[in-house]
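Asks: Quick one: the structure is below, questions incoming.
The values are calculated or read from the model by the stated rules, or taken from the named source; none is laboratory data. Note that this is a predicted model, so its numbers are computed, not measured. In this analysis, Cβ positions are derived from the backbone assuming ideal geometry, glycine residues included, and neighbour counts consider all displayed protein chains.
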Amino acid sequence: MANIPSFDSNRKFYGDGHFPYGIDRSGEFTREQANLLIQHGWAYQALAEGSRVPVTKEEEAFVAVCRGEQAPATVHEKVWMLFCSKISAPKAMVSSALIGSKPAKGTDSEPTVDDDFESSML
């Protein structure tokens, strides 16, 4: 049997559906992690979905990790699990206080403001 490289892919993976400016510009991954995802992401995805048959022991172990049968151990397994956690995690709710806008009137989180202080700011 020929020496077949694991996670071989003939096209680059950018994760455009989740990272519109690219994985490497998202700020979610280290440079090494982004490079692995870009180079091998299509293979990772196909193996995880079952549309690609594993051809090496390393790919078989990767599929087992994707199925939850074992914990991630290799860099390939860890970076794919990280990617999956990033795309499935709910977006963080940005507090209105952080962006400087007031919450709607009548909500419990409405700040109390001294009227004299507020009018002195006008």
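Asks: Can you confirm whether segment 50-73 contains a residue that is over 17 Å from the mean Cα position of the chain (by Cα), assigned to a loop (DSSP other than H, G, I, E, B) and in contact (Cβ under 8 Å) with a residue 24 or more places away in the chain?
Replies: Yes: one or more hits.
Asks: Pick out the one residue from Leu47, Leu36 that is surrounded by 17 or more Cβ atoms within 10 Å (Cβ to Cβ), touching an Asp or Glu at 6+ places or on another chain (Cβ under 7 Å), in a helix (DSSP H, G or I) and on the phi < 0 side of the Ramachandran plot. Step through it out loud before you land on a result.
Replies: On the way: Leu36 fails: touching an Asp or Glu at 6+ places or on another chain (Cβ under 7 Å).
From the options Leu47, Leu36, the qualifying one is Leu47.
Asks: Can you name every residue in segment 55-85 that is in contact with a Leu (Cβ under 8 Å, 6 or more places away or on another chain) and surrounded by fewer than 14 Cβ atoms within 10 Å (Cβ to Cβ)?
Replies: The answer is Val75, and nothing else.
Asks: I'm checking my understanding of the structure. Among residues of segment 1-11 that are among the small types (Gly, Ala, Ser) and free of Cβ contacts under 8 Å to residues at least 40 places away in the same chain, which one is surrounded by the fewest Cβ atoms within 10 Å (Cβ to Cβ)? Even if it seems obvious, please write down each step before you answer.
Replies: From segment 1-11, those among the small types (Gly, Ala, Ser) are 2, 6, 9; that's our starting set.
After this cut, where a residue has to be free of Cβ contacts under 8 Å to residues at least 40 places away in the same chain as well, the list is 2, 9.
Numbers: Ala2: 3, Ser9: 17.
This residue is Ala2.
Asks: Considering segment 12-21 alone, what residues qualify as being without any contact (Cβ under 8 Å) to a residue 12 or more places away in the chain and either more than 18 Å from Ile87 (Cα to Cα) or surrounded by 15 or more Cβ atoms within 10 Å (Cβ to Cβ) (or both)?
Replies: Phe19
Asks: Could you check segment 46-75 and list, in sequence order, the residues that are among the polar types (S, T, N, Q) and under 12 Å from Asp8 (Cα atoms)?
Replies: Within segment 46-75, the first condition is being among the polar types (S, T, N, Q), and the residues that meet it are 51, 56, 70, 74.
Of everything in segment 46-75, just one residue is among the polar types (S, T, N, Q) and under 12 Å from Asp8 (Cα atoms), namely Thr56.
Asks: Under the condition of being of a type in the set (Asp, Glu) and not in a helix (DSSP H, G or I), which residue from segment 1-33 is modelled with the lowest pLDDT? Explain how you work it out, then say what you get.
Replies: Of segment 1-33, the ones of a type in the set (Asp, Glu) are 8, 16, 24, 28, 32.
Subsequent filtering for residues that are not in a helix (DSSP H, G or I) retains 8, 16, 28.
Numbers: Asp8: 93, Asp16: 83, Glu28: 94.
Result: Asp16.
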